[in-house]
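Peer 1: One structure, pasted below without further comment.
The values are calculated or read from the model by the stated rules, or taken from the named source; none is laboratory data. As the structure is a prediction and not an experimental result, all values here were calculated from the model. Quick reminder, even Gly has a Cβ in these numbers, built from the backbone with ideal geometry, and neighbours come from all protein chains shown. Ligands, DNA and RNA are stripped out before the accessible areas are found, and what is left, the full protein with its side chains, is counted by its heavy atoms. Shrake-Rupley method; radii C 1.70, N 1.55, O 1.52, S 1.80 Å.
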Amino acid sequence: MTGSERSTPEDATPEVTANFTFMVPKKEISMVPDMGKWKRSQAYADYMGFILTLNEALKGKKLTCEYKVSETVEKLLDLLGTLDRWINETPPVDQPSRFGNKAYRTWYAKLDQEAEALVAAVLPADRQAAAPEIAVYLKESVGNSTRIDYGTGHEAAFAAFLCCLCKVGALRVDDQLAIVFKVFNRYLHVMRKLQRTYRMEPAGSQGVWGLDDFQFLPFIWGSSQFIDHPTLEPRHFIDERVVNEHHQDYMFLECIKFINEMKTGPFAEHSNQLWNISAVPTWSKVNQGLIRMYKAECLEKFPVIQHFKFGSLLSIQPAKP
């Protein structure tokens, strides 16, 4: 990159200031036939492009490798730290039903109130106008306060939140590893704590036929980390010893560890899809298969996408050819 190309950060995202009128995102997919609109939309192209760009960036990298941590990434970690602290300050209440602890609603109400300010604190001074739009994705990313459930649609909202931060130039290309290894990973830890603390129900779970009750992306990105690994193959992740030894380095194993802690009985029974994946010969095949499965089981499923919201940054307009 030459000096002239690098002159000011604004140059990196000219489209943002030129023709962006930020708007509060809203639902656009209200019936099954609307799904075609979603798959042809600029939002779908941008979202999938974001997921795949990160997938590529993480190939063969450990969570513990060295990478740049920018000021924006630090601010995002502070934001997630705040959400984590609020869980400690909002203990579960005594109630007859075991699942869906109502204290979650108190926790969520706090986020609902503070989300815009939290997002504004992460944005550069000249992008403050984007806060109301981007805050919607943050609020959507932590579960549903009516049903007290959490699923892959909420996870997708967090990826959309990060994608929007990239689109307004708050996060840059050289933040890619930190976006997943620091920010997304911290998000996962906070979500697991929410799920545990308030006994959240899995949203739209396919039970034993789903990949996981709550997450999908860390399996995609986590399998990319393993591509071309000299010794660890897909068949190894069901070995608890391997999981305990390597989970600090690999997102995929962190997910398996969480499942092992939360579920009892034979792995093949409670996590049948993952058990099947362990028979795939290579990690790159696992990675490609998971991307296909993500599109089919999450992004192309009406019950998931009907909740997705569209604004100026993730637009329902047809994608530019």
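Peer 1: Can you give me the P(r) profile for region 145-236? Cα pairs, bins 5 angstrom wide beginning at 0, each as a whole percent.
Peer 2: All Cα pairs, binned at 5 Å, distribute as 3, 11, 19, 21, 18, 15, 10, 4, 1, 0 percent.
Peer 1: Looking at the chain from every direction and averaging, what is the projected area of its Cα convex hull in nm²?
Peer 2: For the chain, averaging the hull's shadow over all directions gives 17.5 nm².
Peer 1: To make sure I understand the rule: partners must be lysines, Cα under 21 Å from the Cα of Lys61, and not fewer than 8 residues away in the same chain. Which ones qualify?
Peer 2: Partners found: Lys182, Lys257, Lys285.
Peer 1: Return the whole-Å distance between the Cα centroid of region 126-203 and the Cα centroid of region 83-110.
Peer 2: Their Cα centres are 19 Å away from one another.
Peer 1: Can you give me the % of accessible surface on the chain that is carbon or sulfur? Probe 1.4 Å, all protein chains present, nothing else counted. List each step's numbers first, then the result.
Peer 2: Details: 7830 of 14890 Å².
Whole-percent figure for carbon plus sulfur exposure: 53.
Peer 1: Using the heavy atoms of the protein chains alone and a 1.4 angstrom probe, what is the accessible area of the chain per residue in square angstrom?
Peer 2: Per-residue accessible area for the chain comes out at 46 Å².
Peer 1: Gaussian network model of the chain, Cα springs within a sub-10 Å range: biggest mean-square fluctuation belongs to which of Asp94, Asp212, Asp228?
Peer 2: Top of the fluctuation ranking is Asp94.
Peer 1: Could you sort Ile51, Ile227 by accessible area so the largest value comes first, with the probe set to 1.4 Å?
Peer 2: Order by accessible area, largest first: Ile227, Ile51.
Peer 1: Considering every pair of different Cα atoms, what Kirkwood radius, in Å, is found for region 220-321? Present the calculation step by step, with values, prior to reporting the outcome.
Peer 2: Values: mean 1/r = 0.0642 Å⁻¹.
Result for region 220-321, one decimal place: 15.6 Å.
Peer 1: Give Lys68/Lys301; Lys39/Lys139; Lys27/Lys139; Lys37/Lys167 a once-over and call out the pairs whose C-alpha atoms are over 25 Å from each other.
Peer 2: Among Lys68/Lys301; Lys39/Lys139; Lys27/Lys139; Lys37/Lys167, the Cα-Cα distance tops 25 Å for Lys68/Lys301.
Peer 1: Which of these, Ala135, Ala268, Ala57, has the largest mean-square fluctuation under a Gaussian network model of the chain (Cα springs below 10 Å)?
Peer 2: Ala268
Peer 1: With springs only between Cα atoms under 10 Å apart, run a GNM on the chain and tell me which of Cys163, Cys298, Cys65 wobbles the most.
Peer 2: Among Cys163, Cys298, Cys65, the largest GNM mean-square fluctuation belongs to Cys65.
Peer 1: In whole Å, what is the distance between the alpha-carbon centres of region 298-316 and region 23-72?
Peer 2: Using only Cα atoms to place each centre, the spacing works out to 11 Å.
Peer 1: Can you tell me the length gained on complete extension of the stretch Arg147 to Lys59, counting 0.36 nm per residue apart and subtracting the Cα distance?
Peer 2: Numbers: separation 88, 0.36 × 88 = 31.68 nm, distance 3.67 nm.
Gain on stretching Arg147 to Lys59: 28.0 nm.
Peer 1: Let me ask something additional. What is the calculated FRET efficiency for Glu245 to Trp275, with r their C-beta to C-beta distance and R₀ = 25 Å, to the nearest 0.05?
Peer 2: Values: r = 20 Å, r/R0 = 0.81.
E between Glu245 and Trp275, to the nearest 0.05, is 0.80.
Peer 1: Cα to Cα, under 15 Å, and not fewer than 8 places away if on the same chain: which aspartates and glutamates meet these conditions relative to Lys263?
Peer 2: Glu201, Asp212, Asp213, Glu240, Glu254
Peer 1: If you place +1 on the Cβ of every Lys and Arg, -1 on the Cβ of every Asp and Glu, and leave all else neutral, what size is the dipole of the chain about its Cα centre, to the nearest 20 Debye?
Peer 2: On the way: 37 positive and 39 negative charges, 125 e Å.
Its charge dipole is roughly 600 debye.
Peer 1: While we're on this one: For the pair Ala319 and His229, how long in nm is the line joining their label points, each one 7 Å along Cα→Cβ?
Peer 2: 3.0 nm
Peer 1: For the chain, what does the helix formula give at 222 nm: sum of -39500 (n - 2.57) over DSSP H segments with n ≥ 4, over the residue count, nearest 500 deg cm²/dmol?
Peer 2: One gets -15500 deg cm²/dmol as the mean residue ellipticity at 222 nm.
Peer 1: With unit charges on the beta carbon (Lys/Arg positive, Asp/Glu negative), name the residue among Val280, Met31, Ala157 whose Cα is farthest towards the positive pole of the charge dipole of region 26-310.
Peer 2: Sorting the options by dipole projection puts first Met31.
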